[in-house]
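The values are calculated or read from the model by the stated rules, or taken from the named source; none is laboratory data. From a predicted model like this one, the values you see are computed outputs, not experimental measurements. FYI the Cβ positions are ideal-geometry reconstructions off the backbone, even for glycines, and counts take in every protein chain you see. With ligands, DNA and RNA removed, areas are computed over all heavy atoms of the protein, side chains included. Shrake-Rupley method; radii C 1.70, N 1.55, O 1.52, S 1.80 Å.
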Amino acid sequence: MNSDIDQLETQNPSSPGGPQYTGWQAAIARYFKFGEYRTNFRIETLAGLTTFMTMAYILVVNPLILSDAIFLNQPRDLFAEQVFATAISAAVATLVMAFVAKYPFALAPGMGLNAFFAYSVVLTLNIDWRLALSAVFVEGLIFIALTLTNVRRQIIDAIPLSLKTATSVGIGLFIAYIGLSGNPETGGAGIIVGSEVTTTTLGSLQQPNTLLAIAGIFITTAFLVRRIKGALLWGILATALLGWILGNTPWPTGIVQFPTAPTDLIGQSFVGFSRLTAANFIDFVAVLLVFLFVDLFDTVGTLAGVSMKAGYIKEDGQLPRVNQALFADAVGTTFGAIVGTSTVTTYAESAAGVSEGGRTGFAAVITGILFVFAIFLVPIFEAIPAYATTPALVITGVLMMAGVLEIRWGDPAEAIPAFLTIFFIPLSYSIATGLSVGFITYPIAKTLQGKAHEVTIATWILAAIFIARFVFMTLRFGTAE
């Protein structure tokens, strides 16, 4: 069967004179519009695999973070259940994205939001973890309502094209920075590390992880310049294999591990409402608003940025099927809260799959299925070190930089907001913050230029919301993020 598929894919499926898919293959190709996007099964499968491999770390990292706050008797006694909850919520949300929105974007519990959930909400504010899950559940319901009423779509449409482009470039730098700055003590590359003197600096070349990550970058670059299909995926696997062979990282301890169903987590978001009292009501509302703000604009920024890279954004700046994409995020968050995990959001790492040529929802189908299988294959994915994904993230950042040429740098009112957006996304470690700064700056710059008439009412309203968000976060939590 595989040989038949390969033979069919020797020519573009949209080519009128070439072989055509038949049977179930044709049905899938028509549903996901392979011909329109000039893609095929091999390309989409490689893209889905690549996206999964660049974000598979969440299967371990998310449970590690949440298990510090979500437990019965002691921290991490629900770790195995959190692995299941993380994987199944990612799978459900990604498959909704695949079949409803038909985009190659993957979703999972969001980094940053999970840390805020665990360390700020539960451990600092002393809000019961069940009540915190209730806040996430309510957030998901609000997102569903905002999506059905077109509010979230209007937000994306209100983003000026220059900021959409800048967000795409900023996301590229952001995911490259994530790959380069991973902590070597937890398996990261450590190419960029913290410094008390210079804030950040070059890591130690005596660190094996750092040397392996650098080697992986060169290996992946070789794959890419030689036009090898699946260069990013092969780069991840080659880097991991090199680490195993050299003994820097342990080989997988097994292949299959029977999953632990989240019996102690499922439905606790409903139980949490019974923990809501007059004493903690204000904190509950504050936490809910933070989840709403950060998730909303992280998702909006990611969708806009990765869609620019994929070429989905039309000349008028609009993203087709945006409501369907936002619906996947909302469903994922709601479902995730029910099974016991923090807010589910669209992942910037989806850009890695897009860079491999993924253009349809079939790539997301592959990613979603892999998350399901991952529930049984945790030992394998645990054995792939974080530094092995560094090459794919760095090369994706390189490819996403191309959008910088589309920004009108000769116009200061366009250039300054765009630059600030690009600058703040990686350095604040937040897509939402970068987009916020750009959104606030854009209408002010246009007004000072005497072109306030070019700024829509929606853009002004969103700028005001962003300013209010910064003020609220600073007053309530002592930080703007």
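Listing for the model above:
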{"read-out": "From THR396, THR433, THR441, residue being at pLDDT 90 or above and among the hydroxyl-bearing types (Ser, Thr, Tyr)", "value": "THR441"}
{"read-out": "Only listed residue being buried (at least 24 other Cβ atoms within 10 Å of the Cβ), hydroxyl-bearing (Ser, Thr, Tyr) and either farther than 24 Å from PHE419 by Cβ or out of contact with any Leu (no Cβ under 8 Å at 6 or more places or on another chain) (or both), chosen from SER120, SER89, SER162, SER195", "value": "SER89"}
{"read-out": "Failed condition for TRP409, given (1) open to solvent by 40 Å² or more (accessible area, probe 1.4 Å); (2) out of contact with any Ser or Thr (no Cβ under 7 Å at 6 or more places or on another chain); (3) part of a helix (DSSP H, G or I)", "value": "(3)"}
{"read-out": "Every pair of residues 6+ apart whose Cβ atoms lie under 6 Å, when the first sits in the range 27-48 and is farther than 15 Å from GLY368 by Cβ while the second is open to solvent by 50 Å² or more (accessible area, probe 1.4 Å)", "value": "TYR37/ARG359; ARG38/ASN12; THR39/ARG359"}
{"read-out": "Checklist (1) farther than 30 Å from LEU292 by Cβ; (2) in a loop (DSSP other than H, G, I, E, B); (3) out of contact with any Leu (no Cβ under 9 Å at 6 or more places or on another chain) applied to PHE362, failing item", "value": "(2)"}
{"read-out": "Boolean, VAL60 is touching a Lys or Arg at 6+ places or on another chain (Cβ under 9 Å), open to solvent by 30 Å² or more (accessible area, probe 1.4 Å) and part of a helix (DSSP H, G or I)", "value": "no"}
{"read-out": "Matching entry among THR221, THR263 (being of a type in the set (Val, Ile, Thr), at pLDDT 90 or above and within 15 Å of LEU393 (Cα to Cα))", "value": "THR221"}
{"read-out": "Those helices (runs of 4 or more DSSP H) lying entirely in the range 242-357 with at least 3 residues among the β-branched types (Val, Ile, Thr)", "value": "281-310, 322-339"}
{"read-out": "Yes/no for GLN268 being surrounded by fewer than 18 Cβ atoms within 10 Å (Cβ to Cβ), closer than 22 Å to VAL83 by Cα and in contact (Cβ under 8 Å) with a residue 40 or more places away in the chain", "value": "no"}
{"read-out": "Which listed residue is crowded, with 24+ Cβ neighbours inside 10 Å and at pLDDT 95 or above, from GLY353, GLY305, GLY336, GLY301", "value": "GLY336"}
{"read-out": "Residue that is nearest to GLY170 (Cα to Cα) [pool: residues in the range 420-468 that are charged (D, E, K, R) and in a helix (DSSP H, G or I)]", "value": "LYS446"}
{"read-out": "Hey, VAL372 out of contact with any Phe, Trp or Tyr (no Cβ under 8 Å at 6 or more places or on another chain), assigned to a helix (DSSP H, G or I), open to solvent by 30 Å² or more (accessible area, probe 1.4 Å) and modelled with pLDDT of 85 or more or not", "value": "yes"}
